């Protein structure tokens, strides 16, 4: 009996120790995920001390507000995850139910309209935030060794953000969503060599249909999040490992000054940014809600397509003014910037000493903003809807004007 | 090496080209492709036109209509043996009728046999057969002599969309029509009419062409007393309403040209709600009771149009606001039905029924507008949420900055 009691006590102690370890590991992994921790985990160190050690460090003295852009992009991502999960509770991804479920969310679910409009606005602004963050990194030459990995992973995250948006555009299943995606897929089909095959797999049907909706939904809520979380952990770990890039113009004195403490000073500043960004997002959602269009109707194209996602505007401006090759060209320009750290490895950080790179970067980032403005003003008719009827030969010329 | 390649390429292409040429040859009709058939030795052009038509498909040959001896290849022999040659206009009617007026021949094709009898009653037929006026058309003038196509063949001269052009070949000829004192602007006016727009622009073949009102083989303008009946064939509900009203009496006694009194014949123009009174003044003098009634009808129609437009806009606003609109759409359909009934009921001049219908439109429109306003008000209420949101945000920022200043002061002191 006593042996049994001892065995139970031993097992309980073991269980408690296991639980404690795994909880510590869990808490620590969350801390690592948030970018608060970096380095090997000392299992013997009490967690409170570990946090004190991790949080007590000081930031580089040249860290300023423009370094907040990456954090804002992450904040918008968190907003997207939270609102996305809440939306997925009420959204039903089928041809029959998608549109009514959006109406249900907007008009019947408590604060459902806010979830949806925050999701839409964050989806737009996260693209701009990521691009602004990338432009900051680019012009600060922060992608140079040893931080190439951070840059490449960041580019991967940009691609994911674009993929999230592209798949999310279809989900409302209204006329705008349906025809924008139809037009976009037709555009992709025009891409030389790979376009046709890619569209065949994405669409799953000769036209955008329930098969497309299922595919886009699965990719949007199951496939992409896994990649996004993995890349985010990777990105933050790299940021902690290599630290913030040194200033482009180092102070002549060479240090001496100390930066802000991470805790609580920096976190308080981050908290202020978070509060203002959240309030701004809600303001945008209240004043400019995304209208619910007419339900998707494959048999009837709308008079004008109104895009609600910045990337669609940019792509449309590209294909409208420069054609399919313009789209490919701009994508290649973006890709060349993405791969730049593999080639541009010199020590020069000052913009004036790397004019070619600066010109490339300016072309892409300013071009993107310009195309966005132009594209948001374009009103296009969907393709393939003019049915030209053959006119009997003797009737040609006799037709009414 | 290059020569070999070129030869190989030519060898690969040649059979393809040959197959293509064979396909372009057109339908090969047994008998007519036959080199023992004599007529085509001289009349190859007629053969080319004829094989496109429906008669070649049915195995009809040249000599079935033209007589002669198709086994002969030289002239005196070929044109012997009951040779008809090109039949005269009058003979053509009898020639076509020899098969087409025979129920035993036509039964198998499901074709009517009354065309020749109808043609005799038409203006065309009377001019040609009784008046021996050779300017009047015979069968082949509308159907072509050799390339006779089915009416549902888009190349056919009697295909619905082609009929106005076929009629216009003569009826737009000013010199020819002057002989009969007929105007030549019918087709031009028809193109602009509701019927012409439906036919030519909307490709709606339910819309009548010339033959829809005048008849095809029995073509004749309807008399004044007949007009209401002609329009009534399609506009049944309007016709019934018209029969209930006072205008029907005037039409029966010949005082009013039926429907044409307001809508004219080839223009068949709509009378929009704001033109009702103006139309009444064509017959009714100012200050009469009839004109007051017209003004009342116009007011009611205009009001209903306005109400329906408001309902449509409310429905759109409801959609934009994300409200489930199934019920609203159903109610809008009800309003739309009532609105269309107003269009019909106008023709009976029945003010009571008109009032009923426009009240129905108005009541639904008011409900929908109310629902849209409620939805928009709810969106406005969302703005109130901004007060606590910004209060919390600014308070947090202020708190954070106060804490930061206190912290930095402490650090400086230390």
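Just so you know, all these numbers are worked out from the coordinates, no wet-lab data involved. The structure displayed is predicted, hence computed values, not measured ones. Don't worry about glycine lacking a Cβ; one is built from the backbone with ideal geometry, like all the others, and counts go over all protein chains shown.
To the nearest 0.05, how large is the calculated FRET efficiency for residue A:299 and residue B:41 if R₀ is 51 Å and r is the Cβ-Cβ distance?
The calculated FRET efficiency here is 0.40.
Within segment B:51-84, find all residues whose amide N lies under 19 Å from a label point positioned 7 Å from the Cα of residue B:154 along Cα-to-beta-carbon.
Only B:52-54 fall inside the zone, counting backbone N under 19 Å.
Just to confirm the number: angle between the C-alpha axis of helix B:2-24 and the first principal axis of chain B, 0 to 90 degrees, nearest 10?
Once rounded, one gets 80 degrees.
Can you give me the angle between helix B:326-345 and the longest principal axis of chain B, using Cα atoms only, in degrees from 0 to 90, rounded to the nearest 10?
Here the helix axis deviates by roughly 50 degrees.
Based on DSSP H runs of at least 4 residues, each adding -39500 (n - 2.57), what is the mean residue ellipticity at 222 nm of chain B after dividing by all its residues, to the nearest 500 deg cm²/dmol?
Calculated at 222 nm, the ellipticity per residue is -18000 deg cm²/dmol.
Using alpha-carbon pairs under 8 Å, 6+ residues apart, how would you state the relative contact order of segment B:296-388 in percent?
Working: 80 pairs, mean separation 39.1, N = 93.
Dividing the mean separation by the residue count of segment B:296-388 yields 42 percent.
For chain B, what relative contact order do you get, as a whole percent, if you take Cα pairs closer than 8 Å and at least 6 residues apart?
9 percent.
Neighbouring Cβ atoms within 10 Å as the yardstick, rank A:119, B:79 fewest first.
Going from sparsest to densest Cβ surroundings: B:79, A:119.
Roughly speaking, what is the centre-to-centre gap between segment B:272-327 and segment A:279-318 when only Cα atoms are used, to the nearest Å?
Here the two parts' Cα centres lie 34 Å apart.
Quick one: which of B:297-310, A:261-274 comes out on top by average Cβ neighbours within 10 Å, and what's the full order, highest first?
B:297-310, A:261-274
How far apart, in nm, are the 7 Å Cα→Cβ label points at residue A:55 and residue A:81?
Going from the residue A:55 label point to the residue A:81 one covers 2.0 nm.
Counting each DSSP H run of 4 or more residues in chain A as -39500 (n - 2.57), what helix-only mean residue ellipticity at 222 nm follows after dividing by all residues, to the nearest 500 deg cm²/dmol?
It comes out at -21500 deg cm²/dmol, rounded to the nearest 500.
Treating the angle as unsigned and between 0 and 90°, give the value, to the nearest 10°, between the Cα long axis of helix B:351-384 and the longest Cα principal axis of chain B.
The helix B:351-384 is inclined about 50 degrees to chain B.
Take every residue in peptide A:260-270, count the Cβ atoms of other chains within 10 Å of its Cβ, and give the average of those counts. Write down the numbers at each step before the final one.
Values: counts 4, 3, 0, 0, 4, 6, 1, 1, 9, 4, 1.
What the average comes to for A:260-270 is 3.
Taking beta carbons within 10 Å but only from partner chains, what does the mean come to for residues A:274-282?
Across the residues of A:274-282, the mean count of other-chain Cβ atoms within 10 Å is 5.
Among A:327, A:227, what is the fewest-to-most ranking by other Cβ atoms within 10 Å?
Final ranking by Cβ density, sparse to dense: A:227, A:327.
Cut-off is 10 Å between beta-carbons; in what order do B:394, B:368 appear when sorted fewest neighbours first?
Going from least to most buried by this count: B:394, B:368.
Can you tell me which of A:211-217, B:334-340 comes out highest on packing, and rank the rest after it, using the mean Cβ neighbours within 10 Å?
A:211-217, B:334-340
What is the distance, in nm, between label points placed 7 Å from the Cα along the Cα-to-Cβ direction at residue B:118 and at residue A:331?
That separation, rounded to one decimal, is 6.1 nm.
What is the distance in Å between the Cα centres of segment A:137-185 and segment B:79-152?
73
Counting alpha carbon pairs within less than 8 Å and at least 6 residues apart, what relative contact order, in whole percent, applies to chain A? List each step's numbers first, then the result.
Numbers: 378 pairs, mean separation 96.8, N = 401.
Reported as a whole number, the value is 24 percent.
Measure off 7 Å from each Cα along the Cα-to-Cβ vector at residue B:413 and residue B:383, then give the distance between these two points in nanometres to one decimal.
The modelled label-to-label distance comes out at 4.7 nm.
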